[in-house]
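The values are calculated or read from the model by the stated rules, or taken from the named source; none is laboratory data. These figures come from a predicted structure and were not determined experimentally. Neighbour counts run over all protein chains shown; Cβ positions are idealised from the backbone, glycine included.
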Amino acid sequence: RIAYVNGRYLPHSDAAVHIEDRGFQFADGVYEVCEVRQGMIVDLTRHLTRLDRSLSELRMASPMSRAALTTVIREVLRRNRVRNGLFYLQITRGVARRDHYFPSQDTPLTVTITAKSTDPSIMTRKYANGIKVITVPENRWDRVDIKTVGLLPNVLAKQQAKEAGAQDAIFVDRNGIVLEGASSNVWIVTADGELVTRPAEYGILRGITRTTALDVTAKLGLTVVERDFKVDEMMAAREVFLTSATGICVPIVEIDGKPVANGHPGTASSAIRDAFFDVAE
Ligand code: PDD
């Protein structure tokens, strides 16, 4: 495997950054994960637009033009022979003696990219069987709209899910309002048949898959309501599913040990998934 580190393509085992990188010391950096299907990067433009937004919210400059970044990403995919898989791109505020203040303006950002092929049969199984999740209390900062590498609450939530025999965790605020998954957005089909996902103006990451799934539903003639919903409404739903770049649209069949509806994946999630790659760019 080959990784990109600050202008160089290195064997994965030699790809390293300095111990005083601000990503390492302060989680002072941002990232994107993009799915690759049949050699095509799914929704690249939207991911790069969100990356620019994350950088600007943290007052970091773009390290290179979008065209140059795209060239590097494609080169990493090519060198790793990825036709179906993903790439991970991370940008941190660079290397400097540890000090909370930003380093001097001329400190270069650290840009790293890795890529890997994925086994499609793992997702096929998740789509067929659905996954189990747990709910966890929200304990993150209130700028989760920025895709930063500060993911400790997400890591702890996912590990807790794993130890509970589930695959994922859903953050819920103190009023019982469902926020998002530890690395995904949440959708429900209510008992009345309404397709709902919560607004992305605050409190969650505006998922790129969520945005494209909204386009997909429009194309399918489905009405989506963007509004808050609580845990009770989710537990009583006909269908619950997650969207993310890595899973696209994954049905949930059990929440906190209780089945969703009849405990089988529903039809809305499979309809969105089936039409997804016709709409994604
Ligand atoms: N995570 N919410 C959170 C907290 C996420 O970390 C992610 C993605 C999403 C979905 O966003 P998108 O549709 O753009 O992938 C929502 C990536 C996949 C990760 O951390 O691996």
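For beta carbons closer than 8 Å, sequence separation of 6+ or different chains, a first residue in region 234-251 that is acidic (D, E) and a second that is within 16 Å of the ligand (Cβ to nearest atom) and assigned to a helix (DSSP H, G or I), the qualifying pairs are E239/S269.
Among the candidates I146, I113, the residue that is within 17 Å of the chain's Cα centre (by Cα) and crowded, with 17+ Cβ neighbours inside 10 Å is uniquely I113. Look at R97 and say whether it is without any contact (Cβ under 8 Å) to a residue 40 or more places away in the chain, of a type outside the set (S, T, Y) and surrounded by fewer than 14 Cβ atoms within 10 Å (Cβ to Cβ). Here the answer is no, as R97 does not meet what is asked.
Is there a residue being surrounded by 13 or more Cβ atoms within 10 Å (Cβ to Cβ) and within 16 Å of the ligand (Cβ to nearest atom) anywhere in region 252-259? Yes, there is a match, as at least one residue in region 252-259 is surrounded by 13 or more Cβ atoms within 10 Å (Cβ to Cβ) and within 16 Å of the ligand (Cβ to nearest atom). Out of N175, N154, which single residue is within 17 Å of the chain's Cα centre (by Cα) and either at pLDDT below 95 or surrounded by fewer than 20 Cβ atoms within 10 Å (Cβ to Cβ) (or both)? Testing whether each residue is within 17 Å of the chain's Cα centre (by Cα) and either at pLDDT below 95 or surrounded by fewer than 20 Cβ atoms within 10 Å (Cβ to Cβ) (or both) leaves just N154. Taking the residues in region 1-59 that are under 18 Å from V279 (Cα atoms) and more than 16 Å from the chain's Cα centre (by Cα) as candidates, determine which candidate is nearest to the ligand (Cβ to nearest atom). Looking at the filtered set, the residue picked out is R37.
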